[in-house]
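All of the numbers you see were taken from the coordinates with simple rules; none came from a lab. All values reported here derive from a predicted model rather than from experimental measurement. Here the Cβ positions follow ideal geometry from the backbone for every residue, glycine too, while neighbour counts run over all protein chains shown.
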Amino acid sequence: LYHSCRGGPGTDARGAGVQAWHTRPRDAIRWAAKEPSPPYATETKGSDVERRPEQERMARGIQDLSAREREILELLANGLTNREIAAALYISPHTVKNHVSSIYRKLGVDDRTRVAVTALRLGVVQLRDDLAPGSASWSER
């Protein structure tokens with residue numbers, strides 16, 4: 001269950017924060033990937049916005065990911081659970097868990113949402129409507 005932040009998913013029309021225990025991980029990831037990362041978003045060097053040091057470390061770690069880990073990263077960033085990823089790739093949930101652990105280790109983080117948001121911000125993965133649980137193509141799986 002997820003509790004949203006002010007201005008993100010789960011806010012009312014006036015922007016006041018409301019409790020949103022129904023927010024799907026995909027919605028939270030989509031919102032967070034669009035938000036700037038204070039205070040770094042306001043610091044500029046020439047025309048480039050400074051990246052957070054963590055994002056720099058993760059950008060280097062992404063190069064070390066295998067093709068399968070990149071595939072799992074894309075599904076993870078699209079809000080799929082380990083079981084949903086396993087079903088989509090025809091592998092066991094335990095194998096997915098091992099790949100996700102390897103991704104965390106290579107990127108130096110242990111937070112699923114942080115990995116997803118950073119991968120989206122770096123442009124390594126894209127949100128895909130066909131991967132959203134409940135979409136027409138998802139229900140055909």
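The label point for residue 57 and the one for residue 94, both projected 7 Å from the Cα toward the Cβ, are 3.1 nm apart. Using the Cβ-Cβ distance between residue 104 and residue 130 with R0 set to 22 Å, the FRET efficiency from 1/(1 + (r/R0)^6) comes to roughly 0.25.
In order along the stretch 93-104, the phi-based Karplus estimate (6.51 cos²θ - 1.76 cosθ + 1.60, θ = phi - 60°) of 3J(HN,Hα) comes to x, 5, 5, 4, 4, 4, 5, 4, 4, 5, 4, 4 Hz; Gly and Pro are listed as x.
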